[in-house]
Amino acid sequence: MSPMDVRQRHNVTITGRAEGPTVVLAHGFGCDQNLWRLVTPILAPGHRVVLFDHIGSGRSDTTTWSAERYATLDAYAEDVRELCHDLDSGPVILVGHSVSASIAVLAAVAEPELFAGLVLLAPSPRFIDDPATGYRGGFTADDIDELLASLDSNYLGWSATMAPVIMGNPDRPELGEELTNSFCRTDPAIAQVFARATFLADNRDDLAGVTVPTLVAECAYDAIAPRDVGAFVHAHINGSQLITLDATGHCPQLSAPEATAEAITAFTTTLTG
Amino acid sequence: MMADRRPAHDPAFAALLEDSAEDLYDNAPCGYLSTLLDGRIAKINSTLLTWLGADRHDLVGHTYFSDLLTVGGKLYYETHFGPLLRMQGEVNGIALELKTATGTRLPVLISSALKYGGHGQPLLIRTTIFDARDRRAYETELLRARHTAEREHARLQRITATLQKTLLPPQLPTVPGLELAASYHIASPDEVGGDFYDVYPQGPGQWGLFLGDVCGKGADAAVVTSVARYTIRAAAVHNPDPHSVLTTLDTVINEHSRPEAPYLTITAGLIRPADDGTADITLASGGHPSALLLRANGTADYIPTPGGQLIGILPRTHITTANLHLEHGDTLLLYTDGLTDAHTDGDRRYGNNALLALARQLAPASPQATVAALDEIIEGFGEGVEDDVALLAIGVPKR
């Protein structure tokens, strides 16, 4: 696959200071690279900022999506590695939010030489409780079924006429006006598969394999990844740092963009000197 | 009493209009909720409190909005609703469920908008909540219907695929001294196509073959296809001459079918391998596109069977025949017009000339190589192929 293909498939956008350290921002389940819109301008003066959409999300090329391939997080991790190879900028700092923190872990275990460091933002290696080991992810399997039902009942929020616009296939320019309401919309069929891959994943055992410098950045009040989980990730990645952002909710990029950018910058500074 | 005729200055009517904004807020037929940016509940109206069965003091200042949601709903809120609200300032008509004090669930539709301060900074979130029990019941029915339709569609495709298989030979026979290749391209997995072919032994040292195309698709076409296949096999036992076989077929289809039933085009053949390894073929055509001969010497031509008429539509149809000799390295190709009628780009169709040009480029080519080359071309047409395509190639191996 040629470099152009990789960047088009993932709707890659690169901004910031070209000679700065490269920071790749990976969005989680439910949205797309728009999620970083408040953090990017703060990082841009000091970093080369790389944004992308996972296949199936945002304006990625959904024709390359398949339910079989994207049923597990491994496919997403492979995509991230392919993208990092394509950037050809030496080891990058990969910032993974939520499920993308697990994706980042998988990518860094498989090819550590691609990464100068990882920032795991609101990570959760397993969302479902595991009573056998006393692990508390915060959810039961029934809760996850309920989320899938929620996705299904908001089926109607997705309209087929919007699909070409959202999929970056704007041969219907008259629909352009509606774009303001299309952030983060995803085909419900794709969302179902990504939700399953995300919320049924268990990557706890992969944490120990991380050998690159890692910052774990959790939120003080996170309804999805409780503090226990941040502590768990920190304890299982050798030499990792833990920081608790004064943020509410699961998306500190939106609720506390300054603090989030500051944590990322402080970490990249320690790496690059 | 004729209330609508009362003058507007009637004191009782004026009193009605003086419905205070506060009372409207509190007792509106929908729930109102204001939360801080972190989701903590700052203000809530009586309607919503009644729905929840909750006390104002237990909620205001302590509880987060997402705490009112079911756990699955909370996940949806955190991953979709919240980010969307922050990015576009408002979110409309999202279906969620609230947990009430008694443990029941209330399906609701939620819309939220950010309230901004004088400098454009977001201050708080205003949320309107509608009781969606009836609507959700209706949507559940729609979803159920959709899921049923999806299941039925999958079932239809399975039945179609099975039926299609019964209309084609599971595999071509091995004919001593000849090479055979065939393929079938399905235009739509939802409908049985009307193309068919077969190769079968026809007594000692002779083989029969046919390739046909019933007009139309679906069950009607499948019935005629099935009748045609078995009629040909039976007729050939009685008299293997292809002209005779097609005449019998025409009679049977005419008698069998209703006037509006599908007709068909077909090429039938009888092939006789000779002692020197070459072969003679007699072809009979009932209105079917001309066969193509790809010769060992690198030339290629259509084998004209002019004047052959459609089978099963005329009182007594005209069938034309042609005789040809296959040398070592010659390949005869039969196909259906789904191939030549395929759209290559926009309104342009592939056509007979392009097919002939391709054959001249390919020749000399074995049956396998010829069918493989056409398979690739057909794949390349993608959705331009509107009708099924059947290919059957017979050749004498190179010496």
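The values are calculated or read from the model by the stated rules, or taken from the named source; none is laboratory data. Every value quoted in this text rests on a predicted model; they were computed, and no experiment measured them. Every residue, glycine among them, receives a Cβ derived from its backbone with ideal geometry; neighbour counts consider all protein chains shown.
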Matching residues, the stretch A:228-273, being surrounded by fewer than 22 Cβ atoms within 10 Å (Cβ to Cβ), part of a helix (DSSP H, G or I) and within 14 Å of chain B (Cβ to nearest Cβ): A:Pro257, A:Glu258, A:Ala259
The stretch A:131-153 residues that are more than 7 Å from chain B (Cβ to nearest Cβ), paired with ones that are among the β-branched types (Val, Ile, Thr) and crowded, with 16+ Cβ neighbours inside 10 Å (beta carbon under 6 Å, 6 or more apart): A:Gly137/A:Ile128; A:Ala141/A:Ile128
Helices (runs of 4 or more DSSP H) (entirely within the stretch B:39-141) containing at least 1 residues that are of a type in the set (S, T, N, Q) and at the interface with another protein chain (Cβ under 9 Å from one of its Cβ atoms): B:82-88
Residue list for the stretch B:204-214, filter: in contact with a helix residue (DSSP H, G or I) (Cβ under 9 Å, 6 or more places away or on another chain) and over 21 Å from B:Leu339 (Cα atoms): B:Gly208
Residues of the stretch A:111-137 that turn out to be within 14 Å of A:Ala225 (Cβ to Cβ) and within 12 Å of the chain's Cα centre (by Cα), as a count: 5
Condition broken by B:Ser66, with the remaining ones in (1) under 23 Å from B:Gly117 (Cβ atoms); (2) buried (at least 17 other Cβ atoms within 10 Å of the Cβ) satisfied: (1)
The stretch B:123-145 residues that are charged (D, E, K, R), paired with ones that are loosely packed, with under 14 Cβ neighbours inside 10 Å (beta carbon under 6 Å, 6 or more apart): B:Arg126/B:Lys115
Residue count for the stretch B:385-399, restricted to those that are in contact with a helix residue (DSSP H, G or I) (Cβ under 9 Å, 6 or more places away or on another chain) and at pLDDT below 90: 1
Of residues in the stretch B:1-38 being modelled with pLDDT of 90 or more and either touching a His at 6+ places or on another chain (Cβ under 6 Å) or in a loop (DSSP other than H, G, I, E, B) (or both), the one surrounded by the fewest Cβ atoms within 10 Å (Cβ to Cβ): B:Pro29
When residues of the stretch B:122-153 are limited to those that are surrounded by 11 or more Cβ atoms within 10 Å (Cβ to Cβ) and farther than 30 Å from B:Ser46 by Cα, the one nearest to the chain's Cα centre (by Cα): B:His153
So B:Ala372, is it in a helix (DSSP H, G or I) and at pLDDT 95 or above: yes
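Yes/no matrix, rows are residues, columns are (1) facing another protein chain (nearest Cβ under 8 Å); (2) surrounded by 18 or more Cβ atoms within 10 Å (Cβ to Cβ); (3) at pLDDT below 80; (4) not in a helix (DSSP H, G or I):
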{"site": "A:Ala104", "(1), (2), (3), (4)": "no, yes, no, no"}
{"site": "A:Ala108", "(1), (2), (3), (4)": "no, yes, no, no"}
{"site": "A:Ser124", "(1), (2), (3), (4)": "no, yes, no, yes"}
{"site": "A:Pro164", "(1), (2), (3), (4)": "no, no, yes, no"}
Qualifying residue in the stretch A:35-49 (condition: out of contact with any strand residue (DSSP E or B) (no Cβ under 6 Å at 6 or more places or on another chain), in a helix (DSSP H, G or I), buried (at least 24 other Cβ atoms within 10 Å of the Cβ) and not aromatic (Phe, Trp, Tyr)): yes
Of the criteria (1) touching a helix residue (DSSP H, G or I) at 6+ places or on another chain (Cβ under 8 Å); (2) closer than 18 Å to A:Tyr221 by Cα, which one B:Leu109 fails: (2)
Tabulated pairs, the stretch B:36-53, first without any contact (Cβ under 8 Å) to a residue 60 or more places away in the chain, second of a type in the set (Lys, Arg) and part of a helix (DSSP H, G or I), C-beta under 7 angstrom, 6+ apart or interchain: B:Ile44/B:Arg56; B:Leu49/B:Arg56
Residue, farthest from the other protein chains (Cβ to nearest Cβ), within the stretch A:210-227, restricted to residues that are assigned to a strand (DSSP E or B) and among the hydrophobic types (A, V, I, L, M, F, W, C): A:Leu215
Within the stretch A:55-82, considering residues that are within 14 Å of the chain's Cα centre (by Cα) and of a type in the set (A, V, I, L, M), the one surrounded by the fewest Cβ atoms within 10 Å (Cβ to Cβ): A:Ala75
Any chance B:Tyr184 is under 28 Å from B:Thr370 (Cα atoms) and touching a residue at least 40 places away in the same chain (Cβ under 8 Å): yes
Criterion: in contact (Cβ under 8 Å) with a residue 12 or more places away in the chain and in contact with a Cys (Cβ under 7 Å, 6 or more places away or on another chain) - qualifying residue of A:Val105, A:Val109, A:Val92: A:Val92
